[in-house]
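Since the structure comes first, as structure tokens, the remarks are kept for the end.
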Amino acid sequence: MITKAERELTFAGYANYFLWLEQARLGSALKRKAAQGCRVRFLVGDPDSELTRSREQDEDVALTLSTLIRVTLSELEKIRSRPGIDARYSDGHTHLSVFRFDDGMFDRFASHVEEL
């Protein structure tokens, strides 16, 4: 879906860290897409926010949410200087990941693609 998108790639997940683990060359692919005119956007949680701390307390796991977010932020730092790649913080979507590829959308929990 990433390689087929031509206009827009949006990754709206609170941590998004799994993308970097599952797609070994994701950074290179996103830089290439941006160079071809595709808009690449990330929406991630703020690792230092009260919402993140609250969710970490609820989950009580060794690999904290703030650490997972920082994995994504570290990877984004490598590519954000490229025109067409943008990243922002959000504090309103802690349990849902939605990804948009041009006119298709993928909800990580529902595991399906819908045309808009």
Residue count, the range 56-106, condition in contact (Cβ under 8 Å) with a residue 24 or more places away in the chain, open to solvent by 80 Å² or more (accessible area, probe 1.4 Å) and within 15 Å of residue 39 (Cβ to Cβ), comes to 3
Picking from 22, 56, the residue that is in contact with a helix residue (DSSP H, G or I) (Cβ under 7 Å, 6 or more places away or on another chain) and among the acidic types (Asp, Glu) would be 56
Taking the range 61-91 and keeping residues assigned to a loop (DSSP other than H, G, I, E, B) and under 20 Å from residue 18 (Cβ atoms) leaves 61, 62, 63, 64, 78, 79, 80
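Suppose we filter 32, 53, 41 for residues that are charged (D, E, K, R), open to solvent by 20 Å² or more (accessible area, probe 1.4 Å) and not in a helix (DSSP H, G or I); which single one remains?
Values: 32 fails: not in a helix (DSSP H, G or I); 53 fails: not in a helix (DSSP H, G or I).
Of 32, 53, 41, the one residue that is charged (D, E, K, R), open to solvent by 20 Å² or more (accessible area, probe 1.4 Å) and not in a helix (DSSP H, G or I) is 41.
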**So residue 18, is it of a type outside the set (A, V, I, L, M) and either part of a helix (DSSP H, G or I) or touching a Gly at 6+ places or on another chain (Cβ under 9 Å) (or both)** = yes
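The values are calculated or read from the model by the stated rules, or taken from the named source; none is laboratory data. These numbers were taken from a predicted model, which means no experiment stands behind them. Positions of Cβ are generated from backbone atoms using ideal geometry, with glycine treated the same way; all protein chains shown enter the neighbour counts. Keep in mind that these areas ignore ligands, DNA and RNA; they rest on the heavy atoms of the full protein, side chains included. Shrake-Rupley method; radii C 1.70, N 1.55, O 1.52, S 1.80 Å.
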